[in-house]
4 protein chains.
Amino acid sequence: MRNTLGHNITLTIFGESHGPYIGATLDGVPGGVKIDEDNIRALLAKRRPQGKGETPRVEKDEFSIISGVFNGYSNGEAITILIPNSNTHSSDYQSELARPGHADYVANEKYHGFQDYRGGGHFSGRITAAIVAAGSIALDMLNSKKIAIGAHIEQLGTIKDARFDPIFPEIEQVNAKDYPTIQDVGETMQHEAEFAATEHDSIGGIVEAAITGLPVGIGETWFSSLDGELSNAMLSLGAVKGIEFGAGFELANMKGSEANDPLWMEGDRAITLTNNAGGVNGGMSNGMPVIYRMVVKPTPSIGLPQKTVDMKAKDNAEISVKGRHDPAIVRRIVPVVRALSALVVVDLLSLQYGREYFAK
Amino acid sequence: MRNTLGHNITLTIFGESHGPYIGATLDGVPGGVKIDEDNIRALLAKRRPQGKGETPRVEKDEFSIISGVFNGYSNGEAITILIPNSNTHSSDYQSELARPGHADYVANEKYHGFQDYRGGGHFSGRITAAIVAAGSIALDMLNSKKIAIGAHIEQLGTIKDARFDPIFPEIEQVNAKDYPTIQDVGETMQHEAEFAATEHDSIGGIVEAAITGLPVGIGETWFSSLDGELSNAMLSLGAVKGIEFGAGFELANMKGSEANDPLWMEGDRAITLTNNAGGVNGGMSNGMPVIYRMVVKPTPSIGLPQKTVDMKAKDNAEISVKGRHDPAIVRRIVPVVRALSALVVVDLLSLQYGREYFAK
Amino acid sequence: MRNTLGHNITLTIFGESHGPYIGATLDGVPGGVKIDEDNIRALLAKRRPQGKGETPRVEKDEFSIISGVFNGYSNGEAITILIPNSNTHSSDYQSELARPGHADYVANEKYHGFQDYRGGGHFSGRITAAIVAAGSIALDMLNSKKIAIGAHIEQLGTIKDARFDPIFPEIEQVNAKDYPTIQDVGETMQHEAEFAATEHDSIGGIVEAAITGLPVGIGETWFSSLDGELSNAMLSLGAVKGIEFGAGFELANMKGSEANDPLWMEGDRAITLTNNAGGVNGGMSNGMPVIYRMVVKPTPSIGLPQKTVDMKAKDNAEISVKGRHDPAIVRRIVPVVRALSALVVVDLLSLQYGREYFAK
Amino acid sequence: MRNTLGHNITLTIFGESHGPYIGATLDGVPGGVKIDEDNIRALLAKRRPQGKGETPRVEKDEFSIISGVFNGYSNGEAITILIPNSNTHSSDYQSELARPGHADYVANEKYHGFQDYRGGGHFSGRITAAIVAAGSIALDMLNSKKIAIGAHIEQLGTIKDARFDPIFPEIEQVNAKDYPTIQDVGETMQHEAEFAATEHDSIGGIVEAAITGLPVGIGETWFSSLDGELSNAMLSLGAVKGIEFGAGFELANMKGSEANDPLWMEGDRAITLTNNAGGVNGGMSNGMPVIYRMVVKPTPSIGLPQKTVDMKAKDNAEISVKGRHDPAIVRRIVPVVRALSALVVVDLLSLQYGREYFAK
């Protein structure tokens, strides 16, 4: 619901881009989970702009955990993490002109002009820093169960990376990199982003993610399905406009005999020889890697002049978006995808096995 | 949660493919909504197989409303609709052999062998008849508010239809057709399905949907977003493996200056001149048509021999799926997409404007 | 929410007193739970009127389970139970005159006159038969974990039973009786009810319940607390107007030194020497019996003339309620209390230990 | 769920008694609601100890609103309020000895010894300051709709106040007082509390609350009933062990002809001439004042020696609770009751009329 994700282990987020803090409350973690602040720091670092073709608004992301942790371990209660907003240039923002591709016009209508328009307010990608911080805890919880989540840039502008191997996705490899790609295309991608910046324009791309180690049967039939809940979480990101699992949209061009994944016994469990299903049958994990791809639209904030409306004057207008923006945010979304995915998965696991599954 | 969709106006579904009944409970409809059984019947008819390249299991879908309706109007309480399963051939199904592309193996693991394996049990597409019946009521509720939802087959196998006009989608036109396409490609599509059947194989495709008339601002930031909730609902269908909004995955190949939809005043409200966003900004409706596309995988039940496992013997095996199946279910998913979309939208509207919004 | 109770293992109810069926959907039961129809039948029998001072509307309560059960065991999916309404005398009811003490006037306002007024519609105690049927399954699930729930009539009119022993509540003893009391006061209570009937009046009372065998720590801090969720469930019954745990309202007259339950080691676990807390500290089970008491108001349907309003004429009026009613429903609420309590407890246990806790 | 209350307008709380902050997130408030910090300050002041027979731990409760408010009005997004914990004496607390009447032993078991034991951690009444701050906003939202909520001390130890007039409850009168009683018994009550303190003991009491101005029909049948949701909210407070509506437990001693509230037309709406139902029929508001009473147990922290257990040594022990405690917390619970009630009511109203009901 709204700013709360999940059922049994839940995330609640709050904060605006130019307010004093953003934050997240992670509720339902049992007592005794080791909280590794270094891991949170490291994941936040992966989300931070790096200068090459990314926004010069670099926040230090000095978070503080103000509840739910005692002597380095979860104390069983709601974990709240605060991240101060330090590097804000509110004067770059005007309330009258709606920025195309942003939620400005919609928010102005929905909230009757009372929305915080500075930097997109609560709709800002800035909020994802809080998701990343909480998601880092979820990733650690999964890690203790040998469940891993990785993601990489499959495409940035015109540059493409390989796709994950559908049976043995290269999770560790991409998670270890500063610029997460499977092949050696990171530098070219960054050049493409820098070039877009020189044109005062922006580019988009595709992020691919994979989850390995999930037990069979996670996710519920119909409305709490694994793929449904992951889709809801991914589409919660304003920049993500589509998601596909396994062979995805390519399945429209396949026959059943090509699309079906043949089953095969490996020891006492069944595997599939291909993974067109992306690890999900009937909304539940089938024991194979869960593989999904999200399209990330080009950053809507661009310097080029665009047609728009003046929401106060109720008239047509033109805008060249100022402020400090990323010509491409695809790389920065990668840790967000991992974080959100981890939050979905710990919640679904807890419905099946209970919160105690994650207790020390 | 599980078999319950929504927050304030909720759908709960139950039943198995070869049990006595399937059904749906629609809760939260205010008192005084006219319940049109003819509309339910008509939408169920659109979901029913038509013979050409579709399953010979034709259910009459004689539903009965056993609660929540009094003298033809909603009485304010939970509306439960029962649909009997009449035409079942349970002996076609075996419990040992997992059908590739189905949830058989997963269900067997998750439910420890206690699942109803006949015809896929609760995982069967059969359950969508109950969704369609309840969704028909939601469609009528929206209709009374001048909100329309249409869907068509954008692709079936190798045959493609046009896409919806992104500004003026041809909703009425496609909803009126038995075989819902914009262009005159229905017959060719049916031939393709019939041909797949002769090969004991199956084909998939793409369904495109559009919602018009939504007020600006429907859907909530982040985790109850309009696109997120629609995605969760669509991915709840086992056959749907991906969804995209507006320009969708094509956005990865666009620049910000191409992707952003320019705003323009039309009277006292702003429209966008293009609709690459698919009517959604920041997770909320922006007043333009909401347009989304779902990939439907080829029907997994095929007559061709496939590698699989014997779940009892824990050994490799081969299967040729018997039973009566659709070589293509894309057409039959069209009314399901409309029904589920309507259920999502009435719920989100009720959070903003209350259930009373729909009261007589 | 509304007609759905619980988070992970949920109950959804539907139906009206004079509709064709009432029913319940129990969702979240894992695969492999033995479903004992005889136990359902036996618990329904305990809820049925017995003639002495109870309504002559005796329903046979022939239920059928139409989903979720396969070969006598839960199949992991939503279990729906239907109970037909057979013995209805709808002509006893008028739509104009609001019956005092009932929801008639409120329903008429809330649902704009579209409510099913016959026998109270969905507000009727009749619906509790569906709760009892579903609750019987929950009671069996708890039983397999050595968790027992018992209830008895602590007071009926002027006749009082003993209270449960706070440390060793006489659960088995009262559950075994047709007329559930600890002491031998059942006959006198029935006489009191019969006498009220001769006066065309009705009486109320108090039901006391106890849960034993709960692990320590069930229930969540603050808003999903064990006592909070039980209270919500009990107050969902229109006839219940109050609840107290342990020493309850008597605590207002005690000092801390009297009210606090001293702790004592018994083997490797702590017990309390008294049980003024009713087995709940900080919203969670403390390992002692959970003991609570509910006040049941006198049946509002009485034959004596009462001042009321004519909702159509918008004028004052007088009513003598006809129809077949219980002069006392306290005994019949006892199995409902057990059923609802069991549903709350299985849900809370599943949040902590997972649904799999109850799997075979 | 857990630390989140409500469905459409939700409260999430976090923090521990001796952590750096406690806080609350109020989500679902529409844009344009005036946020009156003075009112928050005033309500927090009513919850603060006053010295006479109350704890010497006086927190300044300097709150800050870190999200959701822009230029003095709600901006439509989650409102988070932080309250720093300044005056903590953590060294007063030991982890080994369970304090009788507190959740110490339960928390130690549930959280495997990882709970924050200092001052009761998250189970501390300290957290109610955050509830009060958020509830103040809800009270203001209701006030704009002419809905008022008042509460007073009906009993403290042996001293009793009058009860609310059931038709015209003295809400304004008691809300205006520092020591909220109807009759002039405040001073005597405080003496009783001071005397208990000199005995190193504590006393309890009863709080009575009333809601006026509610439209007819608020609250949903069965599991989101007005009385059920209020009960869940009230029982979420560890000190509250019972609740009753209207005539409450006294209904067990009444006949139907006495208990039923006669209806009477007043203009075009029906009122009841008595209010034994406490303003609730069938779980919904009937237009009369909603009146309910909560028993508050004596403060469990007392200086007298008590039997307890050493949770580390797993042995019996004795404890005299040190630290700074209230010999009576009844007065301090009064604003908490008002705050929680307001949060329940705004949520239920929003389900019926939408969040927009509260928009400017």
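Take each residue of peptide B:190-199, count the partner chain Cβ atoms within 10 Å of its Cβ, and average: the result is 1.
Given just the C-alpha atoms of segment A:154-304, how large is their convex hull per residue in cubic angstrom? Mind showing how you got there, number by number?
On the way: hull volume 19.4 nm³, N = 151.
It comes to 128 Å³ per residue, whole-number rounded.
For segment D:220-231, the Karplus equation 6.51 cos²θ - 1.76 cosθ + 1.60, evaluated at θ = phi - 60°, returns couplings of 10, 3, 6, 8, 10, 5, 4, 6, x, 6, 5, 5 Hz by residue, with Gly and Pro reported as x. Each principal axis of the Cα cloud of chain B was evaluated for its coordinate range; sorted largest first, these ranges are 68, 51, 36 Å.
Sorting A:233-246, B:203-216 by average packing, meaning the other beta carbons within 10 Å per residue, from highest down gives A:233-246, B:203-216.
Amide H contacts for A:Val280 (H built 1.01 Å from N in the peptide plane; partners 5 or more residues away or on another chain; cut-off under 5 Å): A:Asn286.
A simple count of charges around D:Asn175, restricted to other residues whose Cβ falls under 11 Å of its Cβ and scoring Lys, Arg +1 and Asp, Glu -1, yields 0.
Please report the orientation-averaged projected area of segment B:1-141, defined via the convex hull of its C-alpha atoms, in nm². Can you show the working numbers first?
Values: hull surface 37.0 nm².
Dividing the Cα hull surface by four gives the mean projection, 9.3 nm².
Quote the relative contact order of segment A:197-273 in percent (integer), defining contacts as alpha-carbon pairs under 8 Å separated by 6+ residues.
Values: 26 pairs, mean separation 8.6, N = 77.
It comes to 11 percent, rounded to a whole number.
Can you give me the relative contact order of segment B:234-360 as a percent, contacts being Cα pairs under 8 Å and 6 or more apart?
Working: 138 pairs, mean separation 25.0, N = 127.
Taking the mean separation of contacting Cα pairs over the length of segment B:234-360, I get 20 percent.
Peptide B:129-136 has a mean of 0 when you count, residue by residue, the C-beta atoms of other protein chains within 10 Å of its C-beta.
Modelled this way, with points 7 Å down the Cα-to-C-beta line, the labels at A:Ser64 and D:Ser86 are 1.5 nm from one another.
Gyration tensor analysis over the Cα atoms of segment D:73-116 returns equivalent ellipsoid semi-axes of 32, 16, 9 Å (largest first, whole Å).
Here segment B:196-247 was treated as a single set of alpha-carbon atoms; its pair distances binned every 10 Å from 0 give 18, 42, 25, 10, 6 percent.
Inter-chain neighbour count for D:310-319: the average number of beta-carbon atoms from partner chains within 10 Å of each residue's beta-carbon is 2. The modelled label-to-label distance for the pair D:Glu187/C:Ala313, using points 7 Å beyond Cα in the direction of Cβ, is 5.7 nm.
Take the Cα pairs of segment A:84-188, get the Kirkwood Rh, then feed it into Stokes-Einstein at 4 °C and 1.567 mPa s and tell me D in µm²/s.
Numbers: Rh = 17.3 Å.
Answer from the Stokes-Einstein relation: 75 µm²/s.
On the principal axes of its alpha-carbon atoms, the protein assembly as shown has extents of 80, 67, 66 Å, going from largest to smallest. Here the Karplus curve 6.51 cos²θ - 1.76 cosθ + 1.60, taken at θ = phi - 60°, turns the phi angles of segment C:253-258 into couplings of 9, 10, 8, x, 5, 8 Hz, with x standing for Gly and Pro.
Note down the magnitude of the dipole of segment D:112-180 about its Cα centre, charges +1 on Lys and Arg C-beta and -1 on Asp and Glu C-beta and zero elsewhere, to the nearest 20 debye.
Working: 7 positive and 8 negative charges, 36 e Å.
Charge dipole of segment D:112-180: 180 debye, to the nearest 20.
For the residue pairs C:Lys314/D:Lys241; A:Lys46/B:Lys160; C:Lys146/D:Lys241; A:Lys314/D:Lys34; B:Lys307/C:Lys145, the C-alpha atoms sit more than 30 angstrom apart in C:Lys314/D:Lys241; A:Lys46/B:Lys160; B:Lys307/C:Lys145.
With contacts defined as alpha carbon pairs under 8 Å and 6 or more residues apart, what's the relative contact order of chain D in percent? Walk me through the intermediate numbers first.
On the way: 781 pairs, mean separation 87.5, N = 360.
Relative CO of chain D lands at 24 percent.
Here the Debye sum runs over all C-alpha atoms of segment A:222-291 as equal scatterers in vacuum, and log10 of I(q)/I(0) at q = 0.12, 0.13, 0.24 Å⁻¹ comes out as -0.36, -0.42, -1.10.
Just from its helices, what would the mean residue ellipticity at 222 nm be for chain D, if runs of 4 or more DSSP H residues each count -39500 (n - 2.57) and the sum is divided by every residue, rounded to the nearest 500 deg cm²/dmol?
Numbers: 8 runs with 91 residues, N = 360.
Mean residue ellipticity at 222 nm (helix-derived): -7500 deg cm²/dmol.
Read-outs throughout are calculated quantities, based only on the coordinates presented, and are distinct from any laboratory measurement. This one's a predicted model, so the numbers in the text were calculated from it and none came from an experiment. Neighbour counts are summed over all protein chains in view; Cβ atoms, including those assigned to glycine, are modelled from backbone coordinates with ideal geometry.
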